[in-house]
1. Just to verify a result, which residue in segment 10-24, among those that are modelled with pLDDT of 85 or more and not small (Gly, Ala, Ser), is nearest to the chain's Cα centre (by Cα)?
2. Please go through segment 473-505 and give me each residue that is within 29 Å of Leu615 (Cβ to Cβ) and either touching a Phe, Trp or Tyr at 6+ places or on another chain (Cβ under 7 Å) or among the charged types (D, E, K, R) (or both), ordered by number.
3. Checking the conditions here, which among Val140, Val160, Val134, Val125 is part of a helix (DSSP H, G or I) and under 23 Å from Phe21 (Cβ atoms)?
4. Which condition from (1) surrounded by 12 or more Cβ atoms within 10 Å (Cβ to Cβ); (2) assigned to a helix (DSSP H, G or I); (3) free of Cβ contacts under 8 Å to residues at least 24 places away in the same chain is the one that Arg413 breaks?
5. Does segment 586-599 include one or more residues that are assigned to a loop (DSSP other than H, G, I, E, B), in contact with a Phe, Trp or Tyr (Cβ under 7 Å, 6 or more places away or on another chain) and under 20 Å from Asp628 (Cα atoms)?
6. Would you check if there is a residue in segment 124-139 being at pLDDT 85 or above and either of a type in the set (Phe, Trp, Tyr) or not assigned by TED's automatic domain parsing to the domain that holds Gly12 (or both)?
7. Quick check on my filter: what residues within segment 482-507 are under 25 Å from Glu622 (Cβ atoms), in contact (Cβ under 8 Å) with a residue 12 or more places away in the chain and not in a loop (DSSP other than H, G, I, E, B)?
8. What's the total number of residues in segment 485-506 that are modelled with pLDDT under 85 and under 42 Å from the mean Cα position of the chain (by Cα)?
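The values are calculated or read from the model by the stated rules, or taken from the named source; none is laboratory data. Predicted model only: the values in this text are computed from it and were never measured. Ideal geometry is used to build each Cβ from the backbone, glycine not excepted, and the neighbour counts take in all protein chains shown.
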Amino acid sequence: PYFMSGLSLLSGLVFATFCFFPLSPDLRKYWLLLLGIFLYLPFIFFISSREKLTYFGQVSLKTRLSLLLASTAEWGTALGSFVSVAYLMGLHVPLYNLIPLYFLAVIIGIFSMIPGGIGSFDLIVITGLTSMGVSNALAVSLLLLFRLTYYIIPFLLGVVFFFKHMGGHINEKYFKIPSRVFGGSFHRILVYLLRFLGIFLILSALIPERLANVYFINRFDPIQEQLIWQFPSILFGTLFVFMARLIRRRVKGAFIASLVTFVLALIYVNLNGISWAMSFLIVLSLVLMLIIRKRLYHRYFVYSWEDKTKDFLFLAFTILVLLVLGGSGFWSHLLPPRNRDVLGHFVHIWFDILLGSVIISTIVWVVLRVLAPRKHFGQSMNNERFTALLEKYGGASESALAYLHDKRLFWYRVDGQDQVVFQFAQTSNKCVIMGNPIGNEIYYRPAWEAFLKNLSDWNLQALFYEADESVTLMLHDYGFDFMKFGENAMVDLTTFSVDGKHGKKFRKPTNRVEKAGFQFKLLNPPFSETQMQEMKAVSDIWLNGRKEKGFSLGFFDEAYLQQAPIAIVESEEGDIVAFANIMPTQNKQVATIDLMRYDFEKAPEGIMDYLFVKLFQYFQAEDKKYFDMGMAPLANVGTEEDSF
């Protein structure tokens, strides 16, 4: 009942002014209506103060005054909106006429029982204003703007706040799945919208005459009356395509860069007259950017060749459309007119094209430089630090590849102590991690989380190579897919033997090589300069002009080979004809080698078989359980009909 109390109080105040102001005669005759509404206030005050009434009564004076104040403020705000809109429109109607007109229209609208007084309120306002000399058009405009500012805009804001409030509860209830779905959808919509705006701005700048004849598209053209070569439009079009790439890669810096681009583009497209459709699309892009801003969390951006190729093809498609749609009108700007200097025309045209290309390329280059990493991800190899971790926790077969110094390391530390390390190589925006993490297995999972978090901050994509089953399952929890390329070939040294019928195939190459005067030796570091030169000569012959591989395979590097013993095969003259370096994995169960090279001019047939058999026997004596032969490509891959 107190909802009307404020209206009642204000109606009484308006009624009191009838004696002091020259009110319009058309309004003065409704004095009885205002008086009746004013009498509602003392009536409701009297009823609500009765102690015997349980429904409307038993309301304290403080509560009644608070309700009256709130209601008065609400109706006063509505009156203020109406009067403000009227004066902003330039309606110079005296307040002593405008205020009573508003309250009379409201009261009649309430008595009509129509929601919002639609129709009855509007009729009274239009009738009252026209009687005061205001045109019907201005009166209707006043009503439309008042409805918009007081009803529609607050309603839309209420809807936004409602969904924001209720959406938060729904989002929490369903484990934040709705926010991810809508956020991802808005993200993709923004990317495609920016690409559309980019291609359209470029085409509308180059061939506005042709686009002006295309239905629907001509409604979006912001520069129909401008010259055909409009560099700003081409610039903004290219930047929109580039911003779409940054947003696609979730670069944090794209937020500020996009806002600046949107504002400048919005100003540009409206310089020659308001372009409502194009402005709407740019504002929509701005709103979507504000919605998804929390999804832009990568600190850096590395423009990969994959992304460059996609964007180049996209712009190439735009140029193809230009050539198709441009027709003779487009080519006439490139070809010189008759009776004119051909060379001068081409120099002028292509100089403008070159200058525009240089400016656009410079802007893109500057943005890339600002968003590019200031340093390399990870740390360079530190032999002492890495060796200390290997000696403490051991490593896998591929751990010693870090000594090649062709990869970088990411260290995970706890309380200042090294616990886990990853070895990887970076190319463009791809980070290829070699094998399993090395170190304390207790900290594998937090180390993965820290590593992947840093990769995400740097906007790098992780690829894991030669990861074993346990690591593969762990990575699957983090959203990685996997593909099997093969298996590690492991020799069980506990069952290996050259005796008996089964060992005949091992004894035969061994005996043949030894009868030829060759023998197996194990050299311990440090190696002499002569020994290194001999092995380098064998390596060069074995390579036969081919390039070294690296990363997952070792290469001939003296510092790398000095890390562990090397098995060699010597001739009777003492020349090294074959060698294999033992990898310093510090693994007590598994042994492995890396380089296996021989001089095919001096070494006898079966030299590698002989070297392997001798290595198996050597590691058996060292109580190793397995010998890792490395990855066997495509082993047990595709053995089933639906496997991959």
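1. Leu10
2. Just the residues of segment 473-505 that are within 29 Å of Leu615 (Cβ to Cβ), to begin with: 484-505.
Result: Lys484, Glu487, Met490, Val491, Asp492, Leu493, Phe496, Val498, Asp499, Lys501, Lys504, Lys505.
3. Unique residue meeting the criteria: Val125.
4. If we test Arg413 against (1) surrounded by 12 or more Cβ atoms within 10 Å (Cβ to Cβ); (2) assigned to a helix (DSSP H, G or I); (3) free of Cβ contacts under 8 Å to residues at least 24 places away in the same chain, just (2) comes out false.
5. Within segment 586-599 (the criterion being assigned to a loop (DSSP other than H, G, I, E, B), in contact with a Phe, Trp or Tyr (Cβ under 7 Å, 6 or more places away or on another chain) and under 20 Å from Asp628 (Cα atoms)), the answer is yes, since at least one residue qualifies.
6. no
7. Correct list: Glu487, Asn488, Ala489, Met490, Val491, Asp492, Phe506.
8. 4
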